[in-house]
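Visitor: One structure, pasted below without further comment.
The values are calculated or read from the model by the stated rules, or taken from the named source; none is laboratory data. The structure displayed is predicted, hence computed values, not measured ones. Quick reminder, even Gly has a Cβ in these numbers, built from the backbone with ideal geometry, and neighbours come from all protein chains shown.
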Amino acid sequence: MSYLFETVVARHDLPVVLLALSLCIVSALSTFAQLQRSFECVVERRRLWLGSAAVTAGGGVWSTHFISMIAYRSPVALQFDQLLTGFSATIAVAAFGIAFLLLRRARGMVQVLLCGGIATLGIVGMHFTGMAAIANSMAHRVDRAPIVVAVLVGWLLLSGAFAVFLRADGRQRMVLPAMGMVLATVLIHFVAMASAMADHGGTIVAGAGARSQWLLLWIVGAALLLIALTAAASVVDRFLTDLRGLADATSEGLLITSDDRILDANEQACALLGVDRAALVGTATAAWFETAARDHLRPHRGSATRARIRDSVVEDQLVELTARAIEYRGRDATVIALRDLTETARAQRAIEHLASHDPLTALVNRAAFDIALNEAVRSAAPFALIAVDLDRFKAVNDLFGHGAGDAILIRVARILDDCVRAQDLVARVGGDEFVVLQRDIASSDDARRLAAHILTRFAEEMDSARDPMAVGCSLGVVTYPRDGCDPETLRHNADVALYRAKQDGRGTASFFDETMDRQARDRRSLEHDLRHAVCRGELQLVYQPLVSTDDDHVVGYEALLRWDHPERGQVSPTLFIPVAEEAGTIMAIGEWVLRQACRDASNWPEPLTLAVNVSPVQLRVATLPMLVRDALADSGLAPERLELEITETALLRDREVSLAILREIRTLGVRIAMDDFGTGYSSLSNLRHFPFDKIKIDKSFVSAMHEDEAARSIVRAIAGLGKGLNLPVVAEGVENEVQRAMVQAEGCALAQGYLFGRPAAGPAHCVTAPVQALRA
């Protein structure tokens, strides 16, 4: 150790040694700064920074060695072999380059030790090659043991420096590794110098002559310049990379232009224009945008504008561009910000489409159709308006489900759209309601032909004989200006014509005329009067007897509703009941009927039963069981004496809900009868899903028994079905003795009809009275 101290202090020029040490420290710090940059930068520049770090490290170590050699006090002036001297620097640069390249991929301590070993061998190789470059012929004494120890310690120091660099962060990532590298370099150099010194016979002469001074200045200057350049390059590269990263991280595309030429662009701009940066730089700015946007590429415009990119691979690509003046690389330039509006525009179009179109069928909706109809009226050109309503849709939708109903609506939309011309318009304005605007017609015959074509297409594609989900359609047709001169009148008259088409048997087209309007007004008047019929006391109940076919004795009565209108007189139930169901007044009327009938029946002799009809509309209301319970409680009528009659069609809509309501009513002790059996859908299915107490055969079969064998067979089959299910069967509409005998012969236990008495205010005879007494 004393010999090492003597070598450094006594045989070297200390100021020059300190200069070498300072240069070593600066180069080490710069090395790890550049090495860190290689770890941070993009892949394309990674090898560049690794090479730069290797040159700085190798050059720094070589400069430290060479300056220290100049600082050595030799008895003679030292001379160097230029080739070997240069080769020694190459060894250091190459070794550090390999070490740094492997360090980039190091994953464990073994790899780090390997990198440290390669760098150490580079320092050792550089040192002894440099020593061999000394041209002076001097005798040396070599002590290998200290050199081996120094090399091992240097290896550990460099390996530790690399390990700290990989794991530390912040300033420690550069300072601590640089200290390790400096210690390893200085230790190996001076221990090797101390262990291999020339024997100068005790006389020491300063070795730094004028030539050595100039050489020293040249080496120091070159090394400092190299370090300064690489350090500056690292800082500038980091700054520019950060700027580029910020520019590329923005959601907007950025173009830097000058004199209508693109100077630079970020990644988003390249992506929007569909090319890479190399293909974009140098091209004309205006060439990338449509002509309408070119005036907005200059900064004096200031405001943002929308533009389309020329020859874009993206369909309907739309961008918003804004130009601003900037200084770029020392000259005036323009930055153009591009914001991609393609998806925004598509979303806007989708929103606008949803606002004006039906989402299921993609047809125009009511709001958009109203606009089109108003425009058609303003144009004053003749046109036709066809209201389309689907027949059987509700029944099919309830039976097969909403999914099947949606599929039917889509099919209907396609049929209607195929029937019209390009200038015509088809819209869906309601659940199963459509409307067609036929523009530019020459006469009403054009509307007739279109209506006939629609009905024909429906008949072809919606054949109920082959397809149980098939539906029909009814059409109401009006023409402008004959049937109205404003949209409201035209729509109203089309609805009136449509209502007539449905009344005429459905599946037809009806053209509006004035008589229809009068009938519609009459219907509205009837609906208005019906709303007040209950409170005005205009409704009455009459009762029709139900007799046993075995002994002709009356066993009960059915309540029938009558309306005595102050002006119209007696209004038929077949006329006002459908109106009440459509208008919603059936709920109030039905409640009055049930309560009044129960009060009347509570005064009858005990065995007599009461039958009350329930509307399909009432059956869909969950409060019906509560109403039945209240009516029984208020009147005191025994539940087993009350019988509610429902038709098969009442179970078509919301079947499960209706059956649940019936089951709840049945728990009260009230009996349930199926009315008009055989005329609706799924008769047998209804009997299977709900335990009815009675079956009533529709009067249409009974009235035809004496002349239609098929009708008699149906009556026989229903009676047999009732016997098999242990259900009494009632034959409705018995009007003569022939029919009475026939229904009795076929097994009907009960009968009802004018033969046994017309509906009256109430039972006038005892329960045991024969039916002949009722006829008297």
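Visitor: Restricting to the stretch 381-440, and then to whatever is acidic (D, E) and over 21 Å from R500 (Cα atoms), can you tell me which residue is modelled with the lowest pLDDT?
Guide: Taking the candidates together, the pick is D398.
Visitor: On the basis of being at pLDDT 80 or above and surrounded by fewer than 12 Cβ atoms within 10 Å (Cβ to Cβ), does A372 make the cut?
Guide: Working: at pLDDT 80 or above: yes; surrounded by fewer than 12 Cβ atoms within 10 Å (Cβ to Cβ): no.
Here the answer is no, as A372 does not meet what is asked.
Visitor: Still on this structure, I have one more. Given the conditions (1) out of contact with any Asp or Glu (no Cβ under 9 Å at 6 or more places or on another chain); (2) of a type in the set (V, I, T); (3) more than 23 Å from T574 (Cβ to Cβ), which single one is not true for V477?
Guide: Against the list (1) out of contact with any Asp or Glu (no Cβ under 9 Å at 6 or more places or on another chain); (2) of a type in the set (V, I, T); (3) more than 23 Å from T574 (Cβ to Cβ), V477 comes up short only on (1).
Visitor: Further question: Being more than 19 Å from S22 (Cα to Cα), at pLDDT 65 or above, assigned to a helix (DSSP H, G or I) and not basic (K, R) is true for just one of A194, A184, A178. Which residue is that?
Guide: Among A194, A184, A178, only A194 is more than 19 Å from S22 (Cα to Cα), at pLDDT 65 or above, assigned to a helix (DSSP H, G or I) and not basic (K, R).
Conditions tested, residue by residue: (1) small (G, A, S); (2) at pLDDT 75 or above; (3) in contact with a helix residue (DSSP H, G or I) (Cβ under 6 Å, 6 or more places away or on another chain); (4) surrounded by 13 or more Cβ atoms within 10 Å (Cβ to Cβ).
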| position | (1), (2), (3), (4) |
| --- | --- |
| T250 | no, no, no, yes |
| I256 | no, yes, no, yes |
| L263 | no, yes, no, yes |
| E267 | no, yes, yes, yes |
| L273 | no, yes, yes, yes |
| T283 | no, yes, no, yes |
| A287 | yes, yes, no, no |
| T291 | no, no, no, no |
| S312 | yes, no, no, yes |
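Visitor: In addition: Go through the stretch 91-107 and give me each residue that's within 13 Å of G51 (Cβ to Cβ) and of a type in the set (V, I, T).
Guide: Those that are within 13 Å of G51 (Cβ to Cβ) and of a type in the set (V, I, T): V93, I98.
Visitor: Condition first: touching a Leu at 6+ places or on another chain (Cβ under 8 Å) and either outside the structural domain of F393 (by the TED database) or of a type in the set (D, E) (or both). Now tell me which residues in the stretch 413-427 satisfy that.
Guide: Correct list: D417, D424.
Visitor: If you take the residues of the stretch 706-735 that are at pLDDT below 90 and assigned to a loop (DSSP other than H, G, I, E, B), which of them is surrounded by the fewest Cβ atoms within 10 Å (Cβ to Cβ)?
Guide: That would be N726.
Visitor: Now a separate question. Checking the conditions here, which among R536, R523, R500 is over 30 Å from Y754 (Cβ atoms) and either at pLDDT below 90 or assigned by the TED database to the domain that holds L610 (or both)?
Guide: Values: R536 fails: over 30 Å from Y754 (Cβ atoms); R523 fails: over 30 Å from Y754 (Cβ atoms).
When all the criteria are applied, what remains is R500.
Visitor: For A233, state whether it is over 30 Å from L35 (Cβ atoms) and either small (G, A, S) or at pLDDT below 75 (or both).
Guide: Numbers: over 30 Å from L35 (Cβ atoms): no; either small (G, A, S) or at pLDDT below 75 (or both): yes.
Taking the combined requirement at face value, the residue does not satisfy it.
Visitor: If P616 satisfies all but one of (1) within 41 Å of the chain's Cα centre (by Cα); (2) under 24 Å from V547 (Cβ atoms); (3) of a type outside the set (G, A, S), what's the number of the condition it fails?
Guide: (2)
Visitor: For the stretch 556-564, does any single residue satisfy the condition of being over 18 Å from R758 (Cβ atoms) and surrounded by 12 or more Cβ atoms within 10 Å (Cβ to Cβ)?
Guide: No.
Visitor: Does any residue of the stretch 558-575 turn out to be touching a Ser or Thr at 6+ places or on another chain (Cβ under 8 Å) and assigned by the TED database to the domain that holds S658?
Guide: no
Visitor: Out of the residues in the stretch 515-554 meeting the condition of being β-branched (V, I, T) and not in a strand (DSSP E or B), tell me which one is surrounded by the fewest Cβ atoms within 10 Å (Cβ to Cβ).
Guide: Kept after step one, since they are β-branched (V, I, T), are these residues of the stretch 515-554: 515, 534, 542, 547, 549, 554.
Retained after the next criterion (residues that are not in a strand (DSSP E or B)): 515, 534, 549.
Numbers: T515: 10, V534: 16, T549: 20.
Result: T515.
Visitor: Identify all residues within the stretch 331-350 that are polar (S, T, N, Q) and in a strand (DSSP E or B); write none if there are none. Can you show your working first?
Guide: Just the residues of the stretch 331-350 that are polar (S, T, N, Q), to begin with: 334, 342, 344, 348.
Matches in the stretch 331-350: T334 only.
Visitor: Could you please let me know if R414 is under 35 Å from the mean Cα position of the chain (by Cα), in a helix (DSSP H, G or I) and not polar (S, T, N, Q)?
Guide: Considered against the rule, which asks whether it is under 35 Å from the mean Cα position of the chain (by Cα), in a helix (DSSP H, G or I) and not polar (S, T, N, Q), R414 comes out as yes.
Visitor: For the stretch 445-453, does any single residue satisfy the condition of being in the same structural domain as I386 (by the TED database), assigned to a loop (DSSP other than H, G, I, E, B) and surrounded by 16 or more Cβ atoms within 10 Å (Cβ to Cβ)?
Guide: No, the conditions are met nowhere in the stretch 445-453.
Visitor: On to the next question. Just to confirm my filter: which helices (runs of 4 or more DSSP H) fall fully inside the stretch 599-703 and include at least 3 residues that are assigned by the TED database to the domain that holds V734 and exposed (fewer than 15 other Cβ atoms within 10 Å of the Cβ)? Explain how you work it out, then say what you get.
Guide: On the way: elements: 616-619, 624-635, 655-666, 683-689, 699-703.
Here the list reads 624-635, 655-666, 683-689.
Visitor: Among the residues of the stretch 526-581, how many are touching a residue at least 40 places away in the same chain (Cβ under 8 Å) and of a type in the set (D, E)?
Guide: Adding up the residues that qualify gives 5.
Visitor: For the stretch 571-598, enumerate the residues that are touching a strand residue (DSSP E or B) at 6+ places or on another chain (Cβ under 6 Å) and not in a helix (DSSP H, G or I).
Guide: Once the filter is applied, which keeps residues that are touching a strand residue (DSSP E or B) at 6+ places or on another chain (Cβ under 6 Å) and not in a helix (DSSP H, G or I), the stretch 571-598 yields only V571.
Visitor: While we're on this one: With surrounded by fewer than 22 Cβ atoms within 10 Å (Cβ to Cβ), modelled with pLDDT of 80 or more and in the same structural domain as M193 (by the TED database) as the only criterion, which of T90, T64, T85 stands out?
Guide: Exactly one of T90, T64, T85 is surrounded by fewer than 22 Cβ atoms within 10 Å (Cβ to Cβ), modelled with pLDDT of 80 or more and in the same structural domain as M193 (by the TED database), namely T90.
Visitor: Being of a type in the set (A, V, I, L, M, F, W, C) and in a loop (DSSP other than H, G, I, E, B) is the filter; apply it to the stretch 736-763 and report the residue that is farthest from S602 (Cα to Cα).
Guide: C748
Visitor: Moving to a separate point now. Scan the stretch 128-142 and tell me whether some residue there is modelled with pLDDT of 80 or more and either assigned to a helix (DSSP H, G or I) or under 15 Å from L158 (Cα atoms) (or both).
Guide: Checked the stretch 128-142: at least one residue is modelled with pLDDT of 80 or more and either assigned to a helix (DSSP H, G or I) or under 15 Å from L158 (Cα atoms) (or both).
Visitor: Can you name every residue in the stretch 503-520 that is modelled with pLDDT of 85 or more and hydrophobic (A, V, I, L, M, F, W, C)?
Guide: Answer for the stretch 503-520, where residues must be modelled with pLDDT of 85 or more and hydrophobic (A, V, I, L, M, F, W, C): A509, F511, F512.
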